[in-house]
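J.: Pasting a structure here, questions to come.
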Amino acid sequence: EKGGYEHFMIKEIHEQPKAIKDTLSPRLGVNNEIELDNIKLSKEDLEKINKVVIVACGTAYHAGLVGRYAIEKFAKIPVETDVASEFRYRDPFVDDKTLFIAVSQSGETADTLAALREAKGKGARVLAVTNVVGSRISREADDVFYTWAGPEIAVASTKAYTTQLVAMYLIALNMGIKKGTISKEKYNEILEELKTYQQKVEKLVETKEQIQELANRQFNNQNVFYIGRGIDDHVGKEGSLKLKEISYIHSEAIAAGELKHGTIALIEQGTLVIALATQEHLFDKMLSNIKEVKARGAYVIAVAKEGNEEIEEAADAVIYIPNTLDELTPILSVIPLQLLAYYIAVTRGCDVDKPKNLAKSVTVE
Ligand code: F6R
């Protein structure tokens, strides 16, 4: 059932090109018109919305962070993102002008479901992004966008996350083009690029030997730090969660600009830092941050776009993602981070598919 792979996690990492295609292509028409199943997001529906709230847990929350970026950028609607266990207890400001988006692979997560009910009770329109047809969250939502990742068995989420990202981009672009807040040219440019992602992700998964080698040398750390800015920080959070949940190494992701406000105190000789530097307008800032941690002895593995070879002067090792539009990098940059977490956990002899203390679906609070 693992199709020749040693673990479900690595099998599911390899299934991502297909999962992305299966989620994307049924929604795209010949002229790039987006067909979002039967989700009610007409121009009139959108006029009634003055705010979007995205709520989820764990990895799905990290997809929500990228969703916030995409919706604010393309659709120019203010977006709030929260973890479900916080949202439901903070008497959130939600009303009938709110579009509430619940993101959940399983569609059964107790806190996400409770948050959905809380928002619905306050009059919000509820859209679910989920991978499981007929799940509780899909049944209670007004509208559903299904990710077509296929069954995800490994506790650590991989292909569910990348398809949730595709979902967020499609929803954001669809809102933007209807509202007229994104130009037709930009809209087409992004969708054309997204269509190349099946291939680009496939190519990235093939870099696994380079990553395995890095893992063989970097498996013995006590602490790992992920740094990045903007959507790179969102991806760093996902990479960090992946690593800690399957390898049991303490890890933390922080916005790179926050380093000097505290966390840099923890960097010492040999500390592993994963630095994401995929964003053109933030590239020089990231180079400085890399130099800061290097000056304190860190070993830096950077993730950058092909073409930005300058980074080799600052970092100890570089993993390249194919050149792409800055807006879409999370779908690519997360792949090496998934692989790194996987190979570090394997090297440490951990039970990768069933990490201790964790359940695939958290149906109790
Ligand atoms: C991490 C992971 C968890 C889930 C979280 C939400 O790899 O799998 O953090 O993402 O428990 O689960 P769903 O998406 O089913 O609501």
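J.: Tell me which residues, restricted to the range 83-126, are of a type in the set (S, T, N, Q), touching an Asp or Glu at 6+ places or on another chain (Cβ under 8 Å) and near the ligand (Cβ under 10 Å from one of its atoms).
T.: Q105
J.: Find all pairs meeting these conditions: Cβ atoms under 7 angstrom apart; at least six residues apart or on different chains; first residue within the range 237-260 and at negative phi and modelled with pLDDT of 95 or more; second residue within 11 Å of the ligand (Cβ to nearest atom) and not in a helix (DSSP H, G or I).
T.: K242/A156; E245/A156; E245/P355; E245/L358; I246/A156; I246/P355
J.: I would also like to ask the following. Tally up the residues in the range 216-265 that are in a strand (DSSP E or B) and open to solvent by 50 Å² or more (accessible area, probe 1.4 Å), please.
T.: Result for the range 216-265: 3.
J.: Now a separate question. Could you give every pair whose Cβ atoms fall below 6 Å, whose first residue belongs to the range 145-157 and is among the β-branched types (V, I, T), and whose second residue is open to solvent by 30 Å² or more (accessible area, probe 1.4 Å) and within 11 Å of the ligand (Cβ to nearest atom), counting only separations of at least 6 or pairs across chains?
T.: V155/L358; V155/K360
J.: Filtering the range 39-60 down to residues that are in contact with a Ser or Thr (Cβ under 7 Å, 6 or more places away or on another chain) and within 13 Å of the ligand (Cβ to nearest atom), which residue is most open to solvent (accessible area, probe 1.4 Å)?
T.: Here the answer is C57.
J.: Looking only at the range 6-38, how many residues end up being crowded, with 20+ Cβ neighbours inside 10 Å and in contact with a strand residue (DSSP E or B) (Cβ under 6 Å, 6 or more places away or on another chain)?
T.: 0
J.: Scan the range 80-114 residue by residue and report those that are within 16 Å of V362 (Cα to Cα), open to solvent by less than 20 Å² (accessible area, probe 1.4 Å) and in contact (Cβ under 8 Å) with a residue 40 or more places away in the chain.
T.: A102, V103, S104, S106, T112
J.: Go through the range 150-189 and give me each residue that's more than 19 Å from T81 (Cβ to Cβ), open to solvent by less than 10 Å² (accessible area, probe 1.4 Å) and within 12 Å of the ligand (Cβ to nearest atom).
T.: Passing the criteria: A154, A156, T158, K159.
J.: Could you list, ordered by first residue, the pairs with Cβ atoms under 6 Å in which the first is in the range 298-316 and within 10 Å of I274 (Cβ to Cβ) and the second is open to solvent by 10 Å² or more (accessible area, probe 1.4 Å) and in a strand (DSSP E or B), at least 6 apart or interchain?
T.: Listed pairs, sorted by first residue: I301/A317; A302/V318.
J.: May I pose another question? Just wondering, is there one or more residues in the range 65-78 that are of a type in the set (D, E), out of contact with any Ser or Thr (no Cβ under 7 Å at 6 or more places or on another chain), within 16 Å of the ligand (Cβ to nearest atom) and open to solvent by 40 Å² or more (accessible area, probe 1.4 Å)?
T.: Looking for residues that are of a type in the set (D, E), out of contact with any Ser or Thr (no Cβ under 7 Å at 6 or more places or on another chain), within 16 Å of the ligand (Cβ to nearest atom) and open to solvent by 40 Å² or more (accessible area, probe 1.4 Å), one finds none in the range 65-78, hence no.
The values are calculated or read from the model by the stated rules, or taken from the named source; none is laboratory data. These numbers were taken from a predicted model, which means no experiment stands behind them. When we count neighbours, we look across all protein chains shown, and the Cβ atoms used for this are built from the backbone with ideal geometry, even at glycine. Surface accessibility is based on the protein's heavy atoms, side chains included, excluding ligands, DNA and RNA. Shrake-Rupley method; radii C 1.70, N 1.55, O 1.52, S 1.80 Å.
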